[in-house]
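See structure below.
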Amino acid sequence: MGIEVRTMFTLFKNINARKPSNAPGSDGAVFRVAPDVKASQHPDGVVLIHLGRGTVYSANRVGAMIWNGVVTQRSIERVTESISREFHIPAQTVLQDAALFLAQLQAEGLLIPEAQ
């Protein structure tokens, strides 16, 4: 089985592409890391490995902040407030982009929504 490397969606690159109102995370959804996924943090972001699929993903520093928020079960609002302050980006923009990123993580099988 070969390993495929993918780069995750770059946050804040295209501020015109916005999430639909039902995107994951926009309604307070809670996620958990899929069992076959391992993560490695580094100064520039995070590398995510889906062992079951043989795929490797990388995310930038902002993506790593969102990933860490999921892992530590912080609310999406708290995570986006922190990103907004650090990078001087409007909170609503960060929330929309974070929801898109969570949707991508879920679509790739890296996150699983928790039943509420």
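None of the figures in this text is laboratory data; all of them are computed from the coordinates on show. Note that the structure is predicted; figures quoted are calculated from it, not measured. Note that we place each Cβ from the backbone using ideal geometry, even for glycine, and neighbour counts take in every protein chain shown.
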What ranking, highest mean first, results for peptides 50-56, 66-72 when packing means the other Cβ atoms within 10 Å averaged over each residue?
66-72, 50-56
Quick check for me: using +1 on Lys/Arg Cβ and -1 on Asp/Glu Cβ, what's the dipole size of the range 46-116 about its Cα centre, in debye to the nearest 20?
140
³J(HN,Hα) across the range 37-53 via Karplus (A = 6.51, B = -1.76, C = 1.60, θ = phi - 60°), whole Hz, x for Gly/Pro?
10, 10, 10, 10, 7, 8, x, 9, x, 9, 10, 10, 10, 9, 4, x, 9
